[in-house]
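Worksheet for the structure shown next.
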Amino acid sequence: MFDIVTNVFGSDNELADECKLFSAYGGGRVEINASDEGAFSCTVTYDGKTRSFVGDMATDVAPRDKLFKRFVKRSVYRTLSEHFGVALPWGSLTGVRPTKLAYERMRAGGTVRDAVEYLVREYDVSRVKAEVIGRILEAQADAIASAKGKADLYVHIPFCNGRCAYCSFPSADMARLGHLLPAYLKALEREIRAVKDMMARDDRAIHSVYVGGGTPSVLDAEQISSLLDAIGVRDTEFTFEAGRPDSISPEKLDALAEGGVTRVCVNPQSLNDATLTAIGRRHKAEDFFAAFDAVRKRNFDINVDIIAGLADEGMAEFSRTVDGVAALRPENLTVHTLSSKRGSDLAGSDPACADIARMTEYAAERLKDDYAPYYLYRQKYMAGNLENTGYALPGKICVNNITVMEEILPVYACGAGSISKNITSEGVITREASIKDVALYLERFDERLARKSEFFRTT
């Protein structure tokens, strides 16, 4: 635990996050004194030693106040990095989207190579991670170019048959709130049709559709068919999260195929049965393999999620999962790093794992001959201060993952707990959150639908 003393007004939380990157190595009092008069200057005192930094970042494109905060954070990072003898993979970065910084650099006239060097130079990002960002920028180029002028449609099913230990998403437990599902679906279908009218009004063609949750596959086949009929989209990327292998049936898969779905998520998280029990999953590894085979027989593109750092897993257990999933050759494979996020059962715990960096390195090495990284994001409280990376077979990237993570398209979102997003002509992002509570969503449906219509009309 670090105690932060600073004269940098309004930066206490950011500097605390910076120090927290080193919480696995030590703690104590950190004194930070900085000035932005003329050239930036900063002194950082820790463990009785003081380091001084001077920098003139006037050549950068960011506003001066932003540059100053970055300079101070970097000064803190370099002080603690030197003290503990540790160079962190993402350097001084505490933000969730490293690609965003790279794109800002490119919009200012730089190349992909310029963006890579910028991350290394200004943020102390490791060469390995910066090069991954460069590969992702190149992989995303065509998808971003083809998305212009469109919008994504998101549909949220907040219901789940139980809660996983790592999950922080608001969800409605079927055992307790399942009686609300029929009314919820009726209202949701009405909202979907209204939102599609809004998209037509706003002259925005549908770029992709994503049905997420929760666990959308808690719906039965008839309910799925009705929902997909309301969506009514064909000939575009259409993802349906059937995340829990134990929630998949042949009848449901037939309904998905008939309803226009092109991509299905089947997420084991781990192929080790002891781990699955420990994190609250209700399936075994064999159930995942059976579900994967059933989905494959219907010619869907498949995404598989796995998590590094679960329970008591070490390299042997994680590598077994990576190898087992890679052998199946799903079109997409997303490697998550465990995060003890607020709202999860793990909140406040330390997800540190001695092997966590080796795990993500192993996945990258194991997949490199067949797969390429195409999107990446980070979260607070991630084990090892690492990242989540999406890999794809050639020609099989998920365009929704790109546009959502890079925040380049409006998102018309439907359902309790969903968040709509709009982007002004000046590039300013605004958001409109739906009510999370299912009962309140139903009670205030008309009011909130009118509000959503006005949100997209005015922004």
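The values are calculated or read from the model by the stated rules, or taken from the named source; none is laboratory data. The model shown is predicted, which means the values in this text are computed figures rather than measured ones. No Cβ is skipped: glycine too gets one built from the backbone with ideal geometry, and neighbour counts run over all protein chains shown.
Among residues of the stretch 365-389 that are small (Gly, Ala, Ser), those with a beta-carbon under 7 Å from a residue that is in a helix (DSSP H, G or I) and surrounded by fewer than 17 Cβ atoms within 10 Å (Cβ to Cβ) at least six positions away or on a different chain give the pairs Ala372/Arg135. Within the stretch 71-92, restricting attention to residues that are touching an Asp or Glu at 6+ places or on another chain (Cβ under 8 Å), in a helix (DSSP H, G or I) and among the hydroxyl-bearing types (Ser, Thr, Tyr), the residue that is surrounded by the fewest Cβ atoms within 10 Å (Cβ to Cβ) is Ser81.
Within the stretch 25-39, being within 34 Å of the chain's Cα centre (by Cα) and of a type in the set (A, V, I, L, M, F, W, C) holds for Val30, Ile32, Ala34.
Close contacts from the stretch 247-258, counting a first residue that is in a helix (DSSP H, G or I) and a second that is acidic (Asp, Glu), with Cβ to Cβ under 9 Å and a gap of 6+ residues or different chains, come to Glu251/Asp220; Glu251/Glu222; Lys252/Asp220; Ala255/Asp220; Ala255/Glu222.
Hey, does the stretch 380-391 have a residue that's basic (Lys, Arg) and in the same structural domain as Ile206 (by TED's automatic domain parsing)? Yes; the residues of the stretch 380-391 include at least one that is basic (Lys, Arg) and in the same structural domain as Ile206 (by TED's automatic domain parsing). Would you please name the residue that is surrounded by the fewest Cβ atoms within 10 Å (Cβ to Cβ), looking only at residues in the stretch 93-119 that are at pLDDT below 95 and outside any helix (DSSP H, G or I)? Only one residue tops the list, namely Gly109.
Evaluating Met174 against the criteria (1) modelled with pLDDT of 95 or more; (2) surrounded by fewer than 18 Cβ atoms within 10 Å (Cβ to Cβ) leaves one unmet condition, (1). Outside the structural domain of Ala205 (by TED's automatic domain parsing), modelled with pLDDT under 95, over 17 Å from the mean Cα position of the chain (by Cα) and crowded, with 16+ Cβ neighbours inside 10 Å, is that true of Thr459? Here the answer is yes, as Thr459 does meet what is asked. Could you tell me whether Tyr391 is part of a strand (DSSP E or B), of a type outside the set (Val, Ile, Thr) and in contact with a Pro (Cβ under 8 Å, 6 or more places away or on another chain)? Here the answer is yes, as Tyr391 does meet what is asked. Among residues of the stretch 39-54 that are at positive phi, those with a Cβ under 9 angstrom from a residue that is not in a loop (DSSP other than H, G, I, E, B), sequence gap 6+ or separate chain, pair up as Asp47/Gly28; Asp47/Arg29; Asp47/His83. For the stretch 394-422, the tally of residues that are part of a loop (DSSP other than H, G, I, E, B), free of Cβ contacts under 8 Å to residues at least 24 places away in the same chain and at negative phi stands at 1. Would a scan of the stretch 306-316 turn up a residue that is closer than 30 Å to Asp229 by Cα, of a type outside the set (S, T, N, Q) and either not assigned by TED's automatic domain parsing to the domain that holds Leu367 or not in a helix (DSSP H, G or I) (or both)? Looking for residues that are closer than 30 Å to Asp229 by Cα, of a type outside the set (S, T, N, Q) and either not assigned by TED's automatic domain parsing to the domain that holds Leu367 or not in a helix (DSSP H, G or I) (or both), one finds none in the stretch 306-316, hence no.
When the residues of the stretch 334-356 are filtered to those that are farther than 23 Å from Met405 by Cα and at pLDDT 70 or above, the one that is surrounded by the most Cβ atoms within 10 Å (Cβ to Cβ) is Ile356. The residue that is nearest to Val209 (Cα to Cα), counting only those in the stretch 423-453 that are β-branched (Val, Ile, Thr) and assigned to a strand (DSSP E or B), is Ile423. Candidates are the residues of the stretch 84-106 that are more than 20 Å from Ala357 (Cα to Cα) and without any contact (Cβ under 8 Å) to a residue 40 or more places away in the chain; the one that is farthest from the chain's Cα centre (by Cα) is Met106.
Within the stretch 21-38, take every residue that is of a type in the set (D, E, K, R) and more than 16 Å from Lys69 (Cβ to Cβ) and give me the one that is surrounded by the fewest Cβ atoms within 10 Å (Cβ to Cβ).
Restricting attention to the stretch 21-38, the residues satisfying the condition of being of a type in the set (D, E, K, R) are 29, 31, 36-37.
Now narrow it down to the ones that are more than 16 Å from Lys69 (Cβ to Cβ): 29, 31.
On the way: Arg29: 12, Glu31: 14.
That would be Arg29.
Residues that are surrounded by fewer than 22 Cβ atoms within 10 Å (Cβ to Cβ), in a helix (DSSP H, G or I) and either assigned by TED's automatic domain parsing to the domain that holds Ala316 or small (Gly, Ala, Ser) (or both) do not occur anywhere in the stretch 369-379.
Flag: Arg127 matches the condition of being surrounded by fewer than 17 Cβ atoms within 10 Å (Cβ to Cβ), basic (Lys, Arg) and not assigned by TED's automatic domain parsing to the domain that holds Asn385.
Residue-wise test of (1) within 30 Å of Leu367 (Cα to Cα); (2) modelled with pLDDT of 95 or more; (3) surrounded by fewer than 19 Cβ atoms within 10 Å (Cβ to Cβ).
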residue: Cys398; (1), (2), (3): yes, yes, no
residue: Cys414; (1), (2), (3): no, yes, no
residue: Ser420; (1), (2), (3): no, yes, no
residue: Arg444; (1), (2), (3): no, yes, yes
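For Ile133, indicate whether it is assigned to a helix (DSSP H, G or I) and under 18 Å from the mean Cα position of the chain (by Cα). Yes, satisfied. Condition check: at pLDDT below 90 and not in a loop (DSSP other than H, G, I, E, B). Does Asn13 satisfy that? Criteria met by Asn13.
Answer with yes or no whether Gly214 is assigned by TED's automatic domain parsing to the domain that holds Asp152, in contact with a helix residue (DSSP H, G or I) (Cβ under 7 Å, 6 or more places away or on another chain) and buried (at least 18 other Cβ atoms within 10 Å of the Cβ). So Gly214 does not fit the description; no.
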